[in-house]
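A.B. asks: Here's a structure for you.
The values are calculated or read from the model by the stated rules, or taken from the named source; none is laboratory data. Quantities reported herein were computed from a predicted structural model and do not represent experimental measurements. Ideal geometry is used to build each Cβ from the backbone, glycine not excepted, and the neighbour counts take in all protein chains shown.
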2 protein chains.
Amino acid sequence: MATTGIKDVARHAGVSVGTVSNVLNRPDRVSEATRSRVLRAIDELGFVRNDSARSLRSGRTNALGLIVLDVANPFFTDVARGVEDVSSRRGTVVILCNSDDSVVKQETYLQVLQEQRVRGVLVTPAHDSALPVDALRTRGMAVVLLDRSGDRPDLCSVAVDDEAGGQLATEHLLAAGHDDFAFVSGPLTIRQCEERRRGMRRALRGAGLRLSGAVRDVQVSGMNARSGAEAARRLLADGKKGLPSAVLCANDLLAMGFMREMLRAGVRIPQDVALVGYDDIEFAAAAAIPITSVRQPTYQLGQTAAELLLDECENPEGHAHQQVTFQPELVVRESTAG
Amino acid sequence: MATTGIKDVARHAGVSVGTVSNVLNRPDRVSEATRSRVLRAIDELGFVRNDSARSLRSGRTNALGLIVLDVANPFFTDVARGVEDVSSRRGTVVILCNSDDSVVKQETYLQVLQEQRVRGVLVTPAHDSALPVDALRTRGMAVVLLDRSGDRPDLCSVAVDDEAGGQLATEHLLAAGHDDFAFVSGPLTIRQCEERRRGMRRALRGAGLRLSGAVRDVQVSGMNARSGAEAARRLLADGKKGLPSAVLCANDLLAMGFMREMLRAGVRIPQDVALVGYDDIEFAAAAAIPITSVRQPTYQLGQTAAELLLDECENPEGHAHQQVTFQPELVVRESTAG
DNA sequence: GCTCCGTCATGAAACGTTTCACAGAGGTTG
DNA sequence: CAACCTCTGTGAAACGTTTCATGACGGAGC
């Protein structure tokens, strides 16, 4: 299958291959007349540039890699969308990789992306794996960390301030007069859980409350609705102290399960218990009682990360590494409207 | 930046470049001794194959394109996940493209993917755009249609039977003794809405009901929770006939909004109105009253599509085009447990 | 009329692989 | 011992671009 190449175009237009290449890459170097002649030839022959050859010769590709834990997670989906939009605007293409939080898969993909000679990678590191950043750099690939704040000054990174989010949510509840709290979350080894909790505690301390009396932790195994329901049951069974008047869940799925179980037990939300979730997934607003939640600028996170990466690629010398931290935002709904 | 190439490896291992290439591509053609010597050299030099050169020479890339309407839509997210898993298992890489249902974007991406010389494309066609399938084929790219059933016998396609889904849901409601229905959906120009509706009507006819009396259409502008709530309000205001006893919504978001508005008005679900959604998104189960819904094998859809595509690529001659249609499945929950 | 300069176009060399025709070494067969 | 394999390894020719040194042409300045 002889694909028509630049040579055929050249012959058909009666010029040299160099000229065709110039028409493609530096149109201003070519006179109006020949340029249009070449363009017509391209059109007539249905010529399509071969990017492999282009990359090989020029030493740079038009692709970048995106490694996330799992696109099926709405958080990463939105991030991916942001990345893709920026990338397409800049004429680059995104190669999508799911590591499933596995270090092995992550390594495999990094290898593949190196073979592809992508311009750079955006990666949410699996676990606390140490990325072979230097090795990548050596191969001329830029690296930007996603959803991981800047513990490395020699790297660009983009993240959302989870501690601030926890604090924000708590201050909202404090302002409504609450003084008896619970924090529902998955294992605190999950960074996000731990940081959101820390934010909550900071807010409580800031309000002059004694942590030991003002807040209890309800820790469940998962971060889904089922676990949320379990947390609710545990609190309901916890007769001696009675229910807390305000609850912060480490994510919206937990909050949804929690709410359902509470409603079923006849507890009124927000009158008896005020509830705040985290992530502001689409369904937080669609729940039986719309849930107040902490929104993260996920799409923008992806956009910014892609822009940082492409900037670093385009201007490796003048590039200053940035650690960007976004601030979350509270979306108030009925679940705290008491 | 002189990346170390096959030549350096050859020199370092004291063999010819041809031999190194053989070690990489047909290890059995090389003696044990030299093979390990070469492998060691590769390791010591940190050599990474240049896929651009490889593709250029061999005429085939290791990439395939995936064009969806929007990854942020959970449906496509799951599909993408299926595609990616299969692809990575086969050593291929996925280039992700969002067309946003725009024909222009779709064309642009197809052009880019051609330049990349991807092995093939998986595409959910925007609108009813006619894909330039033949032009793509000419360039040696395989094409598989996603979520669009086989109106073209010369093409592989993968889809879910929406009509069957509508029928399934309706039969479930009929079996529970309902005889007064409503179908809540967005514009019927959306293929999915139209087909699900058709399935419902077929089931009703099959049960010997007269359509004119047994079912009303409630058509709203969107496919989200807000529109669902609007549909509910419209039915509530529709005093003369009273409420239907069973409602099928064209997707789960509609169903969630619908439910919320009904509950707020004091209508009991499922006692007063039974409710069925569509898509079985994760949150259907987490709603205030868990929603019975029609599940689609989205992940598997993606897997199958990717497999068909790769098969076609690997064996263009012996490949027989298939139009695969998946059957949806009903997941019964409390919203119809009356 | 001469030099000098800018504008356009040319042709060949590179980019890093894969592939292929071929060669040398050793073994087997008749 | 000649003829003929098989097993390994070689070297050079592609693949389709980009890039770069070079050249042709015509006009401006002196």
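A.B. asks: Criterion first (more than 8 Å from DNA strand C (Cβ to nearest atom), of a type in the set (Gly, Ala, Ser), over 27 Å from B:Ser102 (Cα atoms) and in the same structural domain as B:Val112 (by TED's automatic domain parsing)) does B:Ser31 satisfy it?
C.D. replies: For B:Ser31, the condition - more than 8 Å from DNA strand C (Cβ to nearest atom), of a type in the set (Gly, Ala, Ser), over 27 Å from B:Ser102 (Cα atoms) and in the same structural domain as B:Val112 (by TED's automatic domain parsing) - is not met.
A.B. asks: Given the conditions (1) more than 8 Å from DNA strand C (Cβ to nearest atom); (2) closer than 20 Å to A:Arg139 by Cα; (3) away from chain A (no Cβ under 14 Å), and given that B:Val9 satisfies all but one, which numbered condition is not satisfied?
C.D. replies: Looking at each condition in turn, B:Val9 falls short on (1).
A.B. asks: Okay, moving on. Tell me which residues, restricted to the range A:5-15, are near DNA strand D (Cβ under 8 Å from one of its atoms) and not in a helix (DSSP H, G or I).
C.D. replies: A:Gly5
A.B. asks: Considering only residues that are buried (at least 20 other Cβ atoms within 10 Å of the Cβ) and more than 24 Å from the chain's Cα centre (by Cα), look in the range B:271-286 and name the one that is farthest from the other protein chains (Cβ to nearest Cβ).
C.D. replies: B:Ala274
A.B. asks: Another one. Starting from the range B:96-111, keep only residues that are within 12 Å of chain A (Cβ to nearest Cβ) and over 16 Å from B:Gly65 (Cα atoms), then list their pairs with residues that are among the acidic types (Asp, Glu) and part of a strand (DSSP E or B) whose Cβ atoms are within a distance under 6 Å, requiring at least 6 positions of separation or different chains.
C.D. replies: Hits for this filter: zero, empty list.
A.B. asks: When you scan the range A:34-52, do you find a residue that is without any contact (Cβ under 8 Å) to a residue 12 or more places away in the chain, crowded, with 21+ Cβ neighbours inside 10 Å and within 11 Å of DNA strand C (Cβ to nearest atom), even just one?
C.D. replies: Scanning the range A:34-52 turns up at least one residue that is without any contact (Cβ under 8 Å) to a residue 12 or more places away in the chain, crowded, with 21+ Cβ neighbours inside 10 Å and within 11 Å of DNA strand C (Cβ to nearest atom).
A.B. asks: Further, regarding this structure: Within the bounds of the range A:67-81, is there any residue that is more than 11 Å from every other protein chain (Cβ to nearest Cβ), away from DNA strand C (no atom under 16 Å from the Cβ), over 30 Å from A:Leu309 (Cα atoms) and of a type outside the set (Asp, Glu)?
C.D. replies: no
A.B. asks: Ok, one more. Kindly evaluate A:Ser58 against the criterion of being without any contact (Cβ under 8 Å) to a residue 12 or more places away in the chain, farther than 20 Å from B:Glu282 by Cα and either crowded, with 22+ Cβ neighbours inside 10 Å or within 16 Å of DNA strand C (Cβ to nearest atom) (or both).
C.D. replies: yes
A.B. asks: Of the numbered conditions (1) closer than 30 Å to B:Asn224 by Cβ; (2) facing chain A (nearest Cβ under 9 Å); (3) among the β-branched types (Val, Ile, Thr), B:Thr3 satisfies every one except a single condition; which is it?
C.D. replies: B:Thr3 satisfies every listed condition except (1).
A.B. asks: If you don't mind, there's one more thing I want to ask. Just to be sure before I move on: is A:Ile289 at pLDDT below 95 and closer than 30 Å to A:Gly120 by Cβ in the structure I sent?
C.D. replies: no
A.B. asks: Sort out which residues of the range B:307-338 are among the hydrophobic types (A, V, I, L, M, F, W, C), touching a Gly at 6+ places or on another chain (Cβ under 7 Å) and crowded, with 20+ Cβ neighbours inside 10 Å, and write them in order of number. Walk me through it before giving the result.
C.D. replies: Applying the first criterion (among the hydrophobic types (A, V, I, L, M, F, W, C)) to the range B:307-338 yields B:308-310, B:313, B:320, B:324, B:326, B:330-332, B:337.
Imposing the further condition that a residue be touching a Gly at 6+ places or on another chain (Cβ under 7 Å) reduces the set to B:309, B:313.
B:Leu309 - this is the single residue of the range B:307-338 that is among the hydrophobic types (A, V, I, L, M, F, W, C), touching a Gly at 6+ places or on another chain (Cβ under 7 Å) and crowded, with 20+ Cβ neighbours inside 10 Å.
A.B. asks: Consider the range A:269-286. How many of its residues are in contact (Cβ under 8 Å) with a residue 12 or more places away in the chain and outside any strand (DSSP E or B)? Reasoning before the result, please.
C.D. replies: Restricting attention to the range A:269-286, the residues satisfying the condition of being in contact (Cβ under 8 Å) with a residue 12 or more places away in the chain are A:269-285.
Imposing the further condition that a residue be outside any strand (DSSP E or B) reduces the set to A:269-273, A:280-285.
Counting residues in the range A:269-286 that are in contact (Cβ under 8 Å) with a residue 12 or more places away in the chain and outside any strand (DSSP E or B) gives 11.
A.B. asks: Kindly evaluate A:Val112 against the criterion of being buried (at least 23 other Cβ atoms within 10 Å of the Cβ), among the hydrophobic types (A, V, I, L, M, F, W, C) and at pLDDT 85 or above.
C.D. replies: Judged against the criteria, A:Val112 is not a match.
A.B. asks: Hey, another quick one. If the Cβ limit is 7 Å and pairs must be 6+ apart or interchain, which residue in the range A:2-17 that is touching a residue at least 24 places away in the same chain (Cβ under 8 Å) and closer than 13 Å to A:Asn50 by Cβ pairs with which residue that is part of a helix (DSSP H, G or I) and more than 6 Å from DNA strand D (Cβ to nearest atom)?
C.D. replies: Correct list of pairs: A:Thr4/A:Leu45; A:Ile6/A:Val20; A:Asp8/A:Leu45; A:Val9/A:Val20; A:Val9/A:Val38; A:Val9/A:Ala41; A:Val9/A:Ile42; A:Val9/A:Leu45.
A.B. asks: I want to confirm something. Restricting to the range B:12-21 and keeping residues that are under 15 Å from B:Phe47 (Cβ atoms) and within 12 Å of DNA strand C (Cβ to nearest atom), which single residue is farthest from the chain's Cα centre (by Cα)?
C.D. replies: Selected residue: B:Val15.
A.B. asks: Return yes when A:Val332 is modelled with pLDDT of 95 or more and closer than 17 Å to A:Gly166 by Cβ and no when it is not.
C.D. replies: Taking the combined requirement at face value, the residue satisfies it.
A.B. asks: Hey, does the range A:144-154 have a residue that's in the same structural domain as A:Asp311 (by TED's automatic domain parsing), among the aliphatic types (A, V, I, L, M) and touching a Cys at 6+ places or on another chain (Cβ under 6 Å)?
C.D. replies: Yes: the range A:144-154 contains one or more residues that are in the same structural domain as A:Asp311 (by TED's automatic domain parsing), among the aliphatic types (A, V, I, L, M) and touching a Cys at 6+ places or on another chain (Cβ under 6 Å).
A.B. asks: Could you check the range B:291-338 and list, in sequence order, the residues that are farther than 18 Å from B:Cys249 by Cα and among the polar types (S, T, N, Q)?
C.D. replies: B:Thr298, B:Gln300, B:Gln303, B:Thr304, B:Asn315, B:Gln322, B:Gln323, B:Thr325, B:Gln327
A.B. asks: Tell me, which helices (runs of 4 or more DSSP H) wholly within the range B:166-268 include 3 or more residues that are surrounded by 20 or more Cβ atoms within 10 Å (Cβ to Cβ) and more than 14 Å from every other protein chain (Cβ to nearest Cβ)?
C.D. replies: B:191-206
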